[in-house]
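Every number here is computed from the coordinates shown, using simple stated rules; none is lab data. Predicted, not measured: the structure shown is a model, and the values here were computed from it. For neighbour counting, all protein chains shown are included, and Cβ atoms are generated from backbone atoms with ideal geometry for every residue, glycine included.
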Amino acid sequence: MKICSFSPFGYEGCLVAVEVDLRRGIPGIDMVGLADGAVRESRERMRSAILNSGFSFPPERILISLSPADVKKEGSGFDLAVALAVLAAADKDTVFPDITLLVMGELELSGCVRPVRGIHAAVATAAEHGITRCIIPQANRAEAQAVSDMSVFAADTLAQAFSALTLPLAFEPPAEQTAKQTDRNSVQFPPVTPETEFGEITGQPQLVRALQIAAAGAHNIIAYGPPGCGKTMSMLRFPGLMPLLTEAESRPVSRIKSLAGLSLEDSRSFYQAPFRAPHQSASLEGIAGGGPQCRPGEISLAHNGALFLDEAAEFRTQTLQALRVPLESGCITLSRAGRSTTYPARFQLLLASNPCPCGNFGAQDKICLCGARAVEHYWKKFSAPLLDRIDIRVPLFSRAAAQEGKTHSITTAQLRRDIARAVACQRGRQHERNSRIPSEELKRLCPLTSEARRILDSGVYDFSFSPRAVSSCIKLARTIADMDGSDEIQSAHMEEAVNLRKNEGGISLCF
């Protein structure tokens, strides 16, 4: 029998073989294999757990080897694997099956098994290497069962875990994947809650429409206006417009959550698109990721979901600029002490901002107390390259637009109908959201009528669109056409797309 565990580092991690040799000599425990302090301390926890579970601790000198030897082993997840390897080596009477097991879990001195982070990542990595059985803590059961082709034994105590070594039938068979998640063209949504109900939003029909288009095509969006105009309240309801992930989309999301130590309590949570909303005081490491073990940051935790920055201009400049490369490449590479890892970071960016430090610049019924230099400095934190990557820009200053929407609101269920139609079109056509269509595929996937082309050319001339802005307009128009069920981009689709994108230079062009 071969027992393996898992050492998390970055997105990939590493399987670790746990070997035990009992030899003559003064009783003691030696551990080799570049183990950190938490792993070395497992020797003492393991000894007490074995004795308190009713087993006899071997009186020989014990050598524990963790290989590969050149990879640093970190965390408390090795406790259970080391204890089972010691018990198996000491039991000369039992014939263990010739199989390879993944074992993870932290031991209490009483012999109870505590949950650890990274279970989903560990089980997925083991499955890729042909390992089909695992022993994990009971609290991590849902994470392990989400991986197909893996038989799981969830243990509460060390005694239960040891009994599974000789009882292959004790492992639960792999859970069957439901058809609705494996069907790429099936568009599902989470239940509507009071926190995601757009029927409560009145006075900003322009913003609600923009959020609907953003959700349909996974487009980046910025909304700016004076305090109290409803931009934050509307964007916090955005998760209600995000469809559930497909099976392929959910795998990296679940792995990142597992590595970050976030709870994955039930099967539905595996398909929920992430929505992250960090505070303005978040550090660069908190947003981009890092630390000794290269933990994922907010942009990776938002992979295949949305990252919402409220009061975006209050974030540090270097934090905002760190978003530029991941927005373009869909991934981020972290390097620490000679090791590097690459996290997926294909997220949808939502920004909400005041127009100036006091918030009244551009408001029709308020007075701005900020100087021109203060307003300019306030918006320079975004930088032109970052704003150029924002597809939809929504100014919220028009009192007429707000009054128009006060008597009319649209519910989340109604908004979802067009979104579902658009997402189904995208999954069936290019297996990717419209905002991520490669430039070389635009001509084939986004056919324009002659009138739509004329409107786009006019927008380029009137608003000095950059090449990225032109591509953005075409992708927006493609999303609007998908929401209407049109194969070809019509003039009305392009006109709306140009209007959503036209604030090219930032806030200054709105006044």
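Points worth noting:
- Simple spin-label estimate for residue 1 and residue 461 in nanometres, 7 Å along Cα-Cβ: 7.9
- Entry note, the chain: relative contact order of 13 percent, from Cα contacts under 8 Å with a spacing of 6+ residues.
- Only helical runs count toward this figure. For the chain, summing -39,500 (n - 2.57) over DSSP H runs of n ≥ 4 and dividing by all residues gives -10500 deg cm²/dmol at 222 nm.
- The C-alpha atoms of the chain define a longest principal axis, and helix 467-484 lies at about 90 degrees to it.
- Relative to the longest principal axis of the Cα atoms of the chain, helix 79-90 runs at roughly 20 degrees.
- Loop sites in segment 224-275: chymotrypsin sites (Phe, Trp or Tyr not before Pro), DSSP, at most 15 other Cβ within 10 Å: none
- For the chain, the longest principal axis of the Cα atoms and the long axis of helix 247-260 meet at an angle of about 70 degrees.
- For the pair residue 149 and residue 108, a Förster radius of 41 Å applied to the C-beta separation gives a FRET efficiency near 0.85, rounded to the nearest 0.05.
- Taking the alpha carbon gyration tensor of segment 1-92, multiplying each eigenvalue by 5 and rooting it gives semi-axes of 22, 13, 12 Å, largest first.
- Filter on 231/366; 231/257; 380/475; 366/502; 2/73 - keep pairs with C-alpha separation over 22 Å: 231/257; 380/475; 366/502
- Computing semi-axes √(5λ) of the Cα gyration tensor in Å for the structure here picks out one of (1) 53, 24, 19; (2) 44, 32, 27; (3) 43, 26, 21, namely (1).
- Segment 238-302: radius of gyration over Cα atoms, expressed as a fraction of 2.2 N^0.38 Å: 1.16
- Shape summary of segment 299-385, radius of gyration then Dmax from alpha carbon positions: 16.4, 57 Å.
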